[in-house]
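What follows is a set of notes on a single structure, which appears directly below.
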Amino acid sequence: MNIKNTPPHCKNSHFCCSFVLILTIWTCVNLAQAIFTEIHSDEAYYFLYGENPAWGYFDHPPMVGWMIFLSGLLFDGNLAVRFVTIVLQLFTLLLIWKAISDKAPTASKVALFFTISASLVMFQVYGFITTPDAPLLFFTTLFLFCYKRFLQKETWLNTLCLAIAAAGMMYSKYHAAVVFGLIFLSNPRLLTRYKVWLAGVGGLLLFAPHVYWQIANDYPSLKYHLSDRSSSFRWKYFLEYLPNQLAVFNPLTLGAVAYGMVKFKPKDAFERGMFFLIAGFIAFFWVSSFRGHVEPHWTMICSVPMIILLYSACLKSQPLLRYVKTWVAWSLVVIVAARVLLLTGLLPERLGFSGKKEKNMAVKAVAGDLPVAFTGSFQGASNYHFFTQNEAFVLSAVNSRQTQFDIWEKELLHQGKPVFICQYSDAKSQQYEVNGHVFHGYFAKEFQSVNRVKITYALPDATLKSGDTLHLPFTIHNPDSYAINFDHPELPVSLKAFYLSYQGGKKHTEFADCQLEPPVATLSGNQTRKGILTTVIPNLPSAEAQLAITLVNPICAARNSDFALLKIGGE
């Protein structure tokens, strides 16, 4: 074989054997973990995405749904959710190694690379758990690889690859916008390169179908992430942020990365981008904690620049290299032990990786083949459908967040039909115990929901006070073909005002009765009614509250109107 024509990374046979062997073991471990670790509730939710491919979903862009759709074409069970994720991490590791561009690879350097990669907790997790973070991790790596090649040579091929990688990031998770912003901050000269602009335009054109989906569905994702997720400032959110980051990145590895960033300056524009991504991403989400809880894994894509920079720093600093080979390497024992515990299902159920299949099969034993209605969040219906393969849906409440189920509107298929309602109700539900699993629920012979009814009203532009009587002109519209019976024998309906306020960072909610003039007994399909709604403002704890009007039945208080700001004054 002619050495001159051999790729640099294959000149050293020890390197090739070591790299391929470790990568194969890594992938096989992820495969076994994916098969034997119980599906998480979030994954069960995304499994429904995969069953209903679309250009967008309420919570996220569609990439995670497409991944699961492809996995489902090949496998059943856990791998129907996780297979593509396993493949993506294999290519993520390959791309990171290519981005490092070590001209003299050796077996010991391969061991260093995989030690650093394995020590980052969330990087390991997203090698077998399927959430939008898994494709974001891959496409961010692809983007950074293409970015480095573009900095070396501004070819049309590299421009096209940048556009595809950028679109892949945006189709994975909206956090991609933060990556783009930080890269531009690290290298403002990019704005003077016309091919960068062409790559941006190309990425936006590829992303256009999702933009159209957002417009057609009245921007559900933007409203949720920019408004519905925000809350008042709480010290808890601010103070827990850094400890959570230590946990998701491994404090020993994060400390080594910080040391390397302080000791060594970036040698070029690419490394400067890695510095900006790590510091900027962590700072951005720490600031975000002022408006609500920040999930620890939101900074997970910092794993990629961390691996690149720490590997480079170890080659420059023998003390740092010894630290990684000892302390960071030994931390892998803890990570491996945690992964083994995941396989056994011995971790606490509250972590979400055990106990769900048995619970949902217990519900199925009572509900039979009837569809099952849940309230509140998406977890109940998603888990039930994944583990039983039976129909389930969610009715969102005015005091809970909306989900993709509000777009699917699956409950419309079951109006007037028998369903099992899995929830506790003082008047209706009974307690069941199946194989040691206790739950509450009740059967409805003729199901009726009110979640799709739309209510609009005009709030006075004035400061009011507790005890005031509001007379609000209102419009109520039933957009569906079925009639709503307010005097339904099983699921009667009443109208209430819902008040949401905050005091000392804590949420306060309260319902108040409403009267309609003229009264409404039945709302026919596609019917609109107008009138006057009368309600008394209760004693609220703060000077401002959000008001919504809700139709309440024994299942839940539905979110039928938008929230309006109500100003509360003194006596």
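The values are calculated or read from the model by the stated rules, or taken from the named source; none is laboratory data. Keep in mind the model is a prediction, meaning the values are calculated, not measured. Glycine gets a Cβ as well: all are built from the backbone with ideal geometry, and neighbour counts include every protein chain shown.
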Mind counting the residues in the range 366-379 that are among the aromatic types (Phe, Trp, Tyr) and part of a helix (DSSP H, G or I)?
0
Of 114, 58, the only residue that is part of a helix (DSSP H, G or I) and either among the hydrophobic types (A, V, I, L, M, F, W, C) or surrounded by 23 or more Cβ atoms within 10 Å (Cβ to Cβ) (or both) is 114
From the list 298, 286, pick out the single residue that is more than 19 Å from residue 148 (Cα to Cα) and surrounded by fewer than 17 Cβ atoms within 10 Å (Cβ to Cβ).
286
Which of the following residues is under 26 Å from residue 288 (Cα atoms), more than 22 Å from the chain's Cα centre (by Cα) and among the small types (Gly, Ala, Ser): 186, 172, 221?
186
What is the residue count in the range 343-365 for residues that are farther than 25 Å from residue 450 by Cβ and either among the β-branched types (Val, Ile, Thr) or assigned to a loop (DSSP other than H, G, I, E, B) (or both)?
9
For the structure I just gave you, tell me whether residue 143 is in contact with a Leu (Cβ under 6 Å, 6 or more places away or on another chain) and farther than 22 Å from residue 222 by Cα.
no
If you go through 328, 304, 294, the only one that is outside any helix (DSSP H, G or I) and in contact with a Ser or Thr (Cβ under 9 Å, 6 or more places away or on another chain) is 294
Test residue 226 against the criterion of being free of Cβ contacts under 8 Å to residues at least 24 places away in the same chain and either within 30 Å of residue 508 (Cα to Cα) or crowded, with 19+ Cβ neighbours inside 10 Å (or both), and give yes or no.
yes
If the requirement is being under 26 Å from residue 425 (Cβ atoms), hydroxyl-bearing (Ser, Thr, Tyr) and assigned by TED's automatic domain parsing to the domain that holds residue 459, which of these qualifies: 561, 542, 501?
561
Checked pairs for the range 57-74, first under 12 Å from residue 407 (Cβ atoms) and in the same structural domain as residue 164 (by TED's automatic domain parsing), second assigned to a helix (DSSP H, G or I) and β-branched (Val, Ile, Thr), C-beta under 8 Å and 6 or more apart or across chains, list as 57/407; 58/407
Is at least one residue of the range 9-28 under 15 Å from residue 138 (Cβ atoms) and either touching a His at 6+ places or on another chain (Cβ under 7 Å) or not assigned by TED's automatic domain parsing to the domain that holds residue 143 (or both)?
no
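Conditions tested, residue by residue: (1) surrounded by fewer than 23 Cβ atoms within 10 Å (Cβ to Cβ); (2) within 28 Å of residue 327 (Cα to Cα); (3) touching a Lys or Arg at 6+ places or on another chain (Cβ under 6 Å).
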residue	(1), (2), (3)
120	no, yes, no
140	no, no, no
150	yes, no, no
160	yes, no, no
205	yes, no, no
Which numbered condition trips up residue 194, out of (1) closer than 26 Å to residue 156 by Cα; (2) surrounded by 14 or more Cβ atoms within 10 Å (Cβ to Cβ)?
(2)
Which residue pairs have Cβ atoms under 7 Å apart, sit 6 or more places apart or on different chains, and have a first residue in the range 547-558 that is not assigned by TED's automatic domain parsing to the domain that holds residue 425 and a second that is of a type in the set (Lys, Arg) and surrounded by fewer than 24 Cβ atoms within 10 Å (Cβ to Cβ)?
548/559; 550/496; 550/559; 552/496; 554/428; 557/496
Counted residues in the range 63-87 being buried (at least 21 other Cβ atoms within 10 Å of the Cβ), within 27 Å of residue 204 (Cα to Cα) and not hydroxyl-bearing (Ser, Thr, Tyr) come to 6
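Let's see how each residue does on (1) crowded, with 20+ Cβ neighbours inside 10 Å; (2) touching a Pro at 6+ places or on another chain (Cβ under 7 Å); (3) in contact (Cβ under 8 Å) with a residue 24 or more places away in the chain:
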site: 327; (1), (2), (3): no, no, yes
site: 347; (1), (2), (3): no, no, no
site: 358; (1), (2), (3): no, no, yes
site: 371; (1), (2), (3): yes, no, yes
site: 380; (1), (2), (3): yes, no, yes
site: 387; (1), (2), (3): no, no, yes
site: 395; (1), (2), (3): yes, no, yes
Hey, can you tell me all the residues within the range 485-522 that are β-branched (Val, Ile, Thr) and either free of Cβ contacts under 8 Å to residues at least 40 places away in the same chain or not in a strand (DSSP E or B) (or both)?
493, 520, 522
Looking across the range 78-124 at residues that are of a type in the set (Val, Ile, Thr) and under 22 Å from the mean Cα position of the chain (by Cα), the single one that is farthest from residue 252 (Cα to Cα) is 81
Can you pull out every residue in the range 222-259 that is among the small types (Gly, Ala, Ser) and over 22 Å from residue 500 (Cα atoms)?
247, 255, 256, 258
Is it the case that residue 69 is on the phi < 0 side of the Ramachandran plot, over 17 Å from the mean Cα position of the chain (by Cα) and at pLDDT below 95?
no
Boolean, residue 210 is closer than 24 Å to residue 303 by Cβ, surrounded by 17 or more Cβ atoms within 10 Å (Cβ to Cβ) and either in the same structural domain as residue 143 (by TED's automatic domain parsing) or under 19 Å from the mean Cα position of the chain (by Cα) (or both)
no
Taking the range 182-204, which residues are closer than 25 Å to residue 57 by Cβ and touching a residue at least 40 places away in the same chain (Cβ under 8 Å)?
202, 203
